[in-house]
Structure formats: C-alpha cells, structure tokens
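The structure appears below as structure tokens.
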Amino acid sequence: MSKKNRRQKRKGFQLKHAAVIVGGLLILAAAILMFRGNINGGGGDIVGGTPAVVADQNVIDYGDLKDGTVKTFAIKVTNTGTGTLRFSGEPYIEVVQGCCPPTLTAGSMSLNPGQSTTITSSQFMMHPGMDGKHDFAIHIKTNDPTQPDLVVHVFSNWSE
C-alpha cells in the first residue's frame, strides 16, 4: 500500500473518530439538560411569564365540633399563570382567634404553569379549656405579583 493510500485511510479513520466524539458530546449535553429540567419540576423554569396562585378553597369551615374530635385539612394550590410560581417560604398559620394550631406540610415549593401541590395539616383537636371559636389564617406567600400572600381561613367552634 502506498504512503498516499495510508494517509487517506488514516485521515478517514480520524474523521470517523472525531464524528463519534462530537456525537457523544452532543448526547451528553442533551442528557444533562433533560436531567436539570427534571430537578426543577419537569422542564425547568418558564422564563418571561407571570405566575398566578389559586387555592381550591379560600375558607374551610368545620362549624360546631365536640372537644376531642380529630380534624385535618388539605389545600390544593395550583399555578394558573404562564410563569414559574415560587413559594417565598413554607406556608404558615396565623392564629387570628383561639389557640393551638396544627403544623403544615407543603409539597413542591416551585410550580410550573398548570402544576399543583398540596398543603396538608397535621391532626389537631381541642379539649376542655380550649373551647370556643377558632380562626386559623393559612398564609401562602409566593412570587405572584397580584396576590403575593394568599390567605385561606380555617374556622371551627369547639364545645364540650
């Protein structure tokens, strides 16, 4: 085989290797981008849109309850906007009236348009000495520009 033929074969071999390496790097880059998107809630942030927070209920009213009755509640929160909705912090309870609020647990702290999460309470009940009306204001603070502090009230009236 002549030197010219060997050089042409070597060049073809080098070009094939370069193409395989470039292809592999492109696949790796695509995999990294997809993985990052899954960490951020399935596709990454929606840039340029406006988030909008909506709760499935603005008032939870248990009415009259007997002491010792165990209760819990769940609030479904949905991003109905066009941008990524971010919670500014964990939802919290303000005791407007009464005492002894439950603790809250939130699912995701970041929602892309159309996504939802649930805020759930721990079990709670009242006993003698804690009777009377209770009003717990659940604060859901987000980056929604029109409603940065969504409040859901939980009412109850406990008696023996």
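Values in this text are rule-based calculations from the coordinates and carry no lab data. Quick caveat, the model's predicted, so the values are computed rather than measured. As a convention, Cβ positions derive from the backbone with ideal geometry for all residues, glycine included, and neighbour counts pool all protein chains shown.
Where in the range 63-123 are the strands (runs of 3 or more DSSP E), entirely inside, with at least 1 residues that are more than 12 Å from the chain's Cα centre (by Cα) and exposed (fewer than 13 other Cβ atoms within 10 Å of the Cβ)? Lay out the reasoning, then the answer.
On the way: elements: 74-79, 92-97, 104-106, 116-121.
Per the criteria, 74-79, 92-97.
Residue check, residue 106 against (1) touching a residue at least 40 places away in the same chain (Cβ under 8 Å); (2) closer than 16 Å to residue 152 by Cβ, all met but one. Which one?
Every condition holds for residue 106 apart from (1).
Can you tell me which residues in the range 139-160 are of a type in the set (Asp, Glu) and surrounded by fewer than 16 Cβ atoms within 10 Å (Cβ to Cβ)? Before the answer, list the steps.
Of the range 139-160, the ones of a type in the set (Asp, Glu) are 144, 149, 160.
The answer is 149, 160.
Based on this model, can you work out whether residue 54 counts as part of a loop (DSSP other than H, G, I, E, B) and hydrophobic (A, V, I, L, M, F, W, C)?
Details: part of a loop (DSSP other than H, G, I, E, B): no; hydrophobic (A, V, I, L, M, F, W, C): yes.
The answer is no for residue 54.
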